[in-house]
Amino acid sequence: MIDELLRPFEFEFFRNGLIVATMAGALCGLVGVYVVLKGMSYIGHGLSHAIFGGFAASTLLGINFLLGAGAWGVASALMINGVTRRRVLGSDAAIGVITTASFALGLALFAFFDGEGASFDAALFGSILGVGTQDVIAIAVVCVLASALVFLRYRALLFTTFDPEVAEVSGVNTARMDALLMLVLAGSILATMKILGVTLIAAALVIPPAVARMLTTSFSRMLWMSSAIGAGCGFVGMNLSYHLDVQSGPTIVLVAATAFALVFMATGPLGRSRSAAIGKAGA
Amino acid sequence: MTESTSKPAIATEPLVTLRGVTCRYASEDVLRDVDLTIGEGEFVGVVGPSGCGKTTLLRAIAGSMVPVSGSATRRKGLRMAYVPQVETINWSFPVTVAQCVLMGRVVGRLLPWPSAAERAAVSEILARLDIEDLRDRHIRELSGGQQQRVFIARAMLGEPDLLLMDEPTAGVDARLRHEILHLLDELHGRGLAILLTTHDLNGIAAHLPRMVCLNRSVIGAGRPVDVLVPDILERTYGASMQVLEHGGMPVVVDHFEHRHATADGREHTHVHGHAHGHTHDHAHRGAP
């Protein structure tokens with residue numbers, strides 16, 4: 001039994017995949033706290049789809065995926081940020097247009113150049129295959145950047161998330177904070193896309209913070225709990241992915257969803273009222 | 001909160017000066033040609049009907065709303081703090097009282113956790129506001145008065161020169177209103193300049209040293225005894241109001257005229273009085 005559980009660790013691709021999945025979980029858990037509390041879940045979902053367009057274009061043009069999709073992702077993130085900050089009527093709709101158009105473009109590019117195959121599936125649903133040293137480095141870099149941002153601009157980010165208008169009056173450059181957060185979000189999506197898949201990244205951003213929120217009313221505790229829950233789900237999900245021979249994205253999300261259900265039942269009405277309130281952020 | 005708390009005008013540079021400020025949402029002017037000066041250590045109440053631009057005025061003063069014309073100048077290095085309306089706060093956000101208050105010291109520290117000096121400052125302010133034992137509670141687990149105090153504490157931690165408050169007594173009962181007013185008076189007594197908006201003419205505005213009647217533009221500004229006069233009130237609220245006097249304080253009374261014909265065909269005019277807020281609570285308690 002133990003031998004069977006340890007067997008995949010013999011393979012380098014699995015060890016790489018496991019490191020990336022665990023870091024991806026932690027990263028999405030950390031960034032997800034801000035995403036969820038700012039009521040940006042939809043933006044996270046949209047941005048991951050937008051980046052798929054960049055992924056398709058860079059794959060087909062033979063450009064480095066991280067550079068091509070990265071530039072595309074940053075452009076989409078800043079565009080979405082601009083639309084949201086201007087509080088244009090129906091900014092949700094505008095975001096939907098930008099991101100789904102980008103996603104559709106990606107699909108069309110793949111179909112047109114007949115490029116469907118392993119990398120296409122991997123981008124949509126996540127895959128352990130093809131995770132190389134470059135991906136480990138990429139996600140480690142984004143983890144360091146995200147942690148540095150949260151650590152060094154802790155109060156400014158918290159204030160901007162909680163109460164942006166008052167934060168602005170109190171001397172916080174909320175525009176810069178929002179832009180930094182969007183860039184870190186784009187970086188996180190980019191770095192975790194191969195392992196989690198475009199269609200499932202939103203779950204990795206939303207479920208760990210929701211679970212953490214049910215367990216605490218303290219912001220600092222929510223940050224580390226959400227990161228730890230995300231890391232745990234990434235680790236367990238990646239192992240399950242190997243043993244069940246299912247793509248990594250779905251197994252990681254299913255583990256997280258199971259954790260959510262267990263905590264939901266265990267915390268009873270208190271946790272329920274906390275998590276029910278989570279979506280009202282930014283209202 | 002009597003006239004004795006108003007200080008003589010000192011010849012220092014004002015904290016904030018608005019000159020001909022016009023602010024617009026969509027294509028509608030919410031503020032039109034507003035001139036206003038807030039001096040050091042002033043305590044000003046802004047009154048006016050709903051939608052008259054009170055919150056926009058606060059935003060223009062704070063600088064979070066940029067006027068389409070006119071200018072808003074703030075004294076160099078001016079520190080402002082803003083206490084938002086209670087209803088605009090996301091009470092389910094996961095912050096404890098201490099975490100919330102610490103946001104007031106947002107500039108100048110690179111580490112997430114508070115320094116020893118900051119912890120001491122938080123304790124001192126929470127103790128002064130009588131909510132020290134609540135520091136690890138979630139903000140939703142507090143009573144209305146305690147919630148209001150948390151946000152005043154957050155504002156005070158930034159050691160502001162000017163405190164801006166949007167409707168600090170909206171939806172608050174008489175006892176709590178007294179408590180808040182008393183607290184603000186004490187802070188003002190220590191030299192803090194305060195500008196607040198309020199719906200409560202008699203309960204709040206009439207007690208402050210200076211008030212501003214706003215309806216898109218400034219209709220009147222000055223001491224309550226000079227501003228609370230039927231002409232200014234009618235132009236501010238678009239309805240006629242009476243001003244009575246009670247214990248040396250002006251009391252504003254709404255004044256609806258109903259004309260209706262009686263059986264003999266003559267018209268009678270009935271005047272129904274309705275006091276705005278409650279000036280003196282004991283006056284009501286004393287009623288048989």
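Here B:Pro67 fulfils each of the conditions (1) within 18 Å of B:Val212 (Cβ to Cβ); (2) within 14 Å of chain A (Cβ to nearest Cβ) apart from (2). Of the helices (runs of 4 or more DSSP H) that lie entirely inside the stretch A:108-169, those containing 3 or more residues that are among the small types (Gly, Ala, Ser) and within 15 Å of A:Ala24 (Cα to Cα) span A:133-152. Note on the stretch B:60-97: residues that are surrounded by 19 or more Cβ atoms within 10 Å (Cβ to Cβ) and touching a Pro at 6+ places or on another chain (Cβ under 8 Å) amount to 4. Within this structure, B:Glu42 fails the test of being within 14 Å of chain A (Cβ to nearest Cβ), within 16 Å of the chain's Cα centre (by Cα), among the charged types (D, E, K, R) and more than 15 Å from B:Gly20 (Cβ to Cβ).
Applying the selection to the stretch A:161-189, what residues are within 9 Å of chain B (Cβ to nearest Cβ) and either in contact with a Lys or Arg (Cβ under 7 Å, 6 or more places away or on another chain) or not aromatic (Phe, Trp, Tyr) (or both)?
A:Thr161, A:Asp163, A:Glu165, A:Val166, A:Ala167, A:Glu168, A:Val169, A:Ser170, A:Gly171, A:Val172
Taken together, B:Leu142, B:Leu110, B:Leu102 contain a single residue that is more than 8 Å from chain A (Cβ to nearest Cβ) and not charged (D, E, K, R), which is B:Leu142. Considering only residues that are among the small types (Gly, Ala, Ser) and modelled with pLDDT of 90 or more, which ones fall in the stretch A:250-283? Across the stretch A:250-283, the qualifying residues are A:Ala256, A:Ala257, A:Ala259, A:Ala261. The single residue among B:Ile194, B:Ile219 that is touching a helix residue (DSSP H, G or I) at 6+ places or on another chain (Cβ under 6 Å) and more than 24 Å from B:Glu28 (Cβ to Cβ) turns out to be B:Ile194.
The requirement of being out of contact with any His (no Cβ under 9 Å at 6 or more places or on another chain) and within 30 Å of B:Ala62 (Cβ to Cβ) is not satisfied by A:Leu190.
Of the strands (runs of 3 or more DSSP E) entirely within the stretch B:158-250, those holding at least 1 residues that are at pLDDT 90 or above and buried (at least 18 other Cβ atoms within 10 Å of the Cβ) occupy B:162-166, B:193-198, B:210-215, B:217-222.
Each row is one residue, and each column tells you yes or no for (1) surrounded by fewer than 24 Cβ atoms within 10 Å (Cβ to Cβ); (2) modelled with pLDDT under 85.
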site: A:Phe11; (1), (2): yes, yes
site: A:Asn16; (1), (2): yes, no
site: A:Ala26; (1), (2): no, no
site: A:Val33; (1), (2): no, no
site: A:Ser41; (1), (2): yes, yes
site: A:Ala50; (1), (2): no, no
site: A:Ser58; (1), (2): yes, yes
site: A:Gly62; (1), (2): yes, yes
site: A:Gly68; (1), (2): yes, yes
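In the set (1) away from chain A (no Cβ under 14 Å); (2) closer than 23 Å to B:Ser143 by Cβ; (3) in contact (Cβ under 8 Å) with a residue 24 or more places away in the chain, B:Leu192 fails one condition alone, (2). When A:Met214 is tested against the conditions (1) in contact with a helix residue (DSSP H, G or I) (Cβ under 6 Å, 6 or more places away or on another chain); (2) within 14 Å of chain B (Cβ to nearest Cβ); (3) without any contact (Cβ under 8 Å) to a residue 60 or more places away in the chain; (4) in a helix (DSSP H, G or I), the lone failure is (3).
What number of residues within the stretch B:251-266 satisfy the criterion of being part of a strand (DSSP E or B) and either at pLDDT 80 or above or not charged (D, E, K, R) (or both)?
The total comes to 8.
What are the residues in the stretch A:144-160 that are surrounded by 20 or more Cβ atoms within 10 Å (Cβ to Cβ), of a type outside the set (Gly, Ala, Ser) and more than 10 Å from every other protein chain (Cβ to nearest Cβ), if any? Within the stretch A:144-160, A:Leu149 is the sole residue that qualifies. The residue of the stretch A:220-251 that is surrounded by the most Cβ atoms within 10 Å (Cβ to Cβ), among those that are farther than 30 Å from B:Thr96 by Cβ and touching a Leu at 6+ places or on another chain (Cβ under 6 Å), is A:Gly249. Here is a check on your reading of the model: is B:Asp185 touching a helix residue (DSSP H, G or I) at 6+ places or on another chain (Cβ under 7 Å), among the charged types (D, E, K, R) and more than 26 Å from B:Ala120 (Cα to Cα)? It is false that B:Asp185 is touching a helix residue (DSSP H, G or I) at 6+ places or on another chain (Cβ under 7 Å), among the charged types (D, E, K, R) and more than 26 Å from B:Ala120 (Cα to Cα).
The values are calculated or read from the model by the stated rules, or taken from the named source; none is laboratory data. Predicted model, so just to flag it, every value in this text is computed and none were measured. When we count neighbours, we look across all protein chains shown, and the Cβ atoms used for this are built from the backbone with ideal geometry, even at glycine.
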